[in-house]
Structures are given as C-alpha cells and as structure tokens.
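The values are calculated or read from the model by the stated rules, or taken from the named source; none is laboratory data. Nothing here was measured: the structure is a model prediction, and the numbers come from that model. When we count neighbours, we look across all protein chains shown, and the Cβ atoms used for this are built from the backbone with ideal geometry, even at glycine.
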Amino acid sequence: MASDEIRVERADGVTTITMARAAKKNAITTAMYAAMAEAFRDADSDPGVGAVVLSGEGGVFTAGNDLRDFLDNPPRGPDAPVRRFLDAVAFCRKPVVASVPGLAVGVGATILLHCDLVYASPKARFLTPFVGLGLVPEAASTLLLPRLVGHARAARLLMLGEGIDADTALAWGLASAVVPEDELERASRAAASRLAALPREALLETKRLMRPDPDELAAAMQREFDAFAERLDSAEAKAAFAAFLAR
C-alpha cells in the first residue's frame, strides 16, 4: 500500500525511509504503517541494500499513532498494518539506523528498541504514554526495555509514562549518540553507509547473534498484541481516547 506521507530513497546500498507528515508531527496512519512495512520488507530482501535508515521530517521523529485513524482502523489481527510494520522492523536482518530529530512518542519510542543504532538530536524527547491512554505497551518493549535500562527505569517510562530527553536516552543506552541537529541526517546516513560497506554476511550474522531469540521476541510481541487488543475495548481506554480527542 503506497502512501504519499512515506518517502523511500535508495542510494549507495542504503534505503532511507522517512515519515513525511510534518504538519501532523508525523503521526502514523494505517496507510503509513503499510507503506513502511512494505519498504522494510523490500529493503530486507534486496541484495543491493546493506542498511536501512528510519527518520522523520520537520524536526520530529513521530508523535505516534494518529488516534482518529487508529480508532477508525483498530489493529485486530496479524495482518493489521501496524503489526506488519512492527514485525518487519523487529525481524529485519539488515542493520537499522534511526535518526531522531525531535519528539518520539509511543511506537516512535518503542520501535527504537529494534534499531541497531539510534542517533538523536539534543531536541529529541522520548515518551511512552500507553497506560495513560488505558492501553499497554507494544513492540516487545515490556521485554526489551527492562533488559536495556533495568526494571526501575523501564517502569518510569512504561508505567508512569515519564518522558526522557536525549542526554538521558544516551546515558541509559536507548540512544547511540547525541548529534547536533544540523548534523543529524549526515551522521545517520554516514553510519548506515559504513554498515552497508562492511562484509555483508559477517554483518548480518553479527546482528543475528546480538538480537534476542526470535521465538522469545515473537512470543512477547504476541502477548502484548493480545493484551493491547483487549484493552482497546475497555472502558478505561474509551474514556481516555474520548478525553484526548475532546482537547
């Protein structure tokens, strides 16, 4: 499924996927999820591509789901576009580099757990407000985030919904580097180009060995997806969504 709000470019062995809906802070619609899932699958299967960059334009990574579109098209099954996108990134064999110029909310933060390198500008801010919306986290973040930052810090993010800035993300290991805003795109693409130029099979095998067990990862994502789908029908979530949309 094509989307005018997803831009896909390929150069020098790198596929760059850009969320291009700056007027809406790159809030992700069903069509955008579908387009990104397809772009990731294409890059993963293309022998000429050695790395993928995921970015957002307009000084924002993404504000997360477009809630109106999300409520009109709730993810109910394994073929839901958001599920296909999460699977495509989580199980991508090629290295993935995230370029985070600003706000990264919800799925915009949890998807970074599946990226191999995360470059952030000093303006970046990471926020996971799932519980406040009556929902649960996704993208296997309940498995991966405590492992990365420890249970206490993960609880601050996933349970309290506290946001963190770029320097904190770097200190906690969620970001690989903090780069001046005017150098962010160049630094992210340079890293991806370096990855793409390395011996391909050795690189892919190294990523495979570094990543969680695929079965464990898939099981965590399924548990979260089942709980998320159940929460969508809850009175808590409906009230939270109504309050958010009434703002």
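Within the range 181-203, being among the aliphatic types (A, V, I, L, M) and free of Cβ contacts under 8 Å to residues at least 60 places away in the same chain holds for ALA190, ALA202. What do you reckon, is ALA98 in contact with a Phe, Trp or Tyr (Cβ under 6 Å, 6 or more places away or on another chain), in a strand (DSSP E or B) and among the aliphatic types (A, V, I, L, M)? So ALA98 fails the test.
Scanning the range 218-235 for residues that are surrounded by 14 or more Cβ atoms within 10 Å (Cβ to Cβ) and among the charged types (D, E, K, R) yields a count of 3. Would you call GLU201 within 15 Å of ALA98 (Cβ to Cβ) and out of contact with any Leu (no Cβ under 9 Å at 6 or more places or on another chain)? Taking the combined requirement at face value, the residue does not satisfy it.
Does LEU112 meet the test of being among the aliphatic types (A, V, I, L, M), under 16 Å from the mean Cα position of the chain (by Cα) and at pLDDT 95 or above? So LEU112 passes the test. Can you find a residue in the range 195-217 that is farther than 21 Å from PHE85 by Cβ, among the small types (Gly, Ala, Ser) and surrounded by 16 or more Cβ atoms within 10 Å (Cβ to Cβ)? Checked the range 195-217: at least one residue is farther than 21 Å from PHE85 by Cβ, among the small types (Gly, Ala, Ser) and surrounded by 16 or more Cβ atoms within 10 Å (Cβ to Cβ). Sub-6 Å Cβ pairs linking a first residue in the range 219-247 that is hydrophobic (A, V, I, L, M, F, W, C) to a second residue that is modelled with pLDDT under 90, at least 6 apart or interchain, are LEU232/PRO74, ordered by first then second residue. Count of the range 92-149 residues, restricted to those that are closer than 21 Å to VAL53 by Cα, in contact with a helix residue (DSSP H, G or I) (Cβ under 9 Å, 6 or more places away or on another chain) and β-branched (Val, Ile, Thr), is 7.
Of all residues in the range 159-193, which are surrounded by 15 or more Cβ atoms within 10 Å (Cβ to Cβ) and basic (Lys, Arg)? The answer is ARG189, and nothing else.
Condition check ((1) closer than 25 Å to LEU170 by Cα; (2) in contact with an Asp or Glu (Cβ under 8 Å, 6 or more places away or on another chain)) across all residues:
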{"site": "LYS24", "(1), (2)": "no, yes"}
{"site": "MET36", "(1), (2)": "no, no"}
{"site": "PRO47", "(1), (2)": "no, no"}
{"site": "ASP66", "(1), (2)": "no, no"}
{"site": "PRO74", "(1), (2)": "no, no"}
{"site": "PRO78", "(1), (2)": "no, no"}
{"site": "ARG83", "(1), (2)": "no, no"}
{"site": "ALA90", "(1), (2)": "yes, no"}
{"site": "VAL96", "(1), (2)": "yes, yes"}
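A single entry from ARG68, ARG93 fulfils the requirement of being at pLDDT below 95 and either more than 23 Å from ALA120 (Cα to Cα) or not in a helix (DSSP H, G or I) (or both): ARG68. Among the residues of the range 49-64 satisfying the criterion of being more than 14 Å from the chain's Cα centre (by Cα), in a loop (DSSP other than H, G, I, E, B) and among the small types (Gly, Ala, Ser), which is nearest to ALA175 (Cα to Cα)? For the range 49-64, the residue satisfying everything is GLY59.
Can you tell me which residue is surrounded by the most Cβ atoms within 10 Å (Cβ to Cβ) among those in the range 1-37 that are on the phi > 0 side of the Ramachandran plot and modelled with pLDDT of 95 or more? Applying the filter and picking the extreme gives ASN26.
Annotation note: of ARG231, ARG194, the sole residue that is in a helix (DSSP H, G or I), charged (D, E, K, R) and at pLDDT 95 or above is ARG194.
Of all residues in the range 145-169, those that are more than 22 Å from ALA90 (Cβ to Cβ) have Cβ atoms under 7 Å from Cβ atoms of residues that are of a type in the set (Lys, Arg), 6 or more apart or on another chain, in GLU162/ARG156; GLY163/ARG125; ASP165/ARG125.
Exactly one residue out of THR128, THR110, THR142 is in contact (Cβ under 8 Å) with a residue 40 or more places away in the chain and out of contact with any strand residue (DSSP E or B) (no Cβ under 7 Å at 6 or more places or on another chain), and it is THR142. Can we say VAL53 is surrounded by 20 or more Cβ atoms within 10 Å (Cβ to Cβ) and in contact with a Pro (Cβ under 7 Å, 6 or more places away or on another chain)? No: the conditions fail for VAL53.
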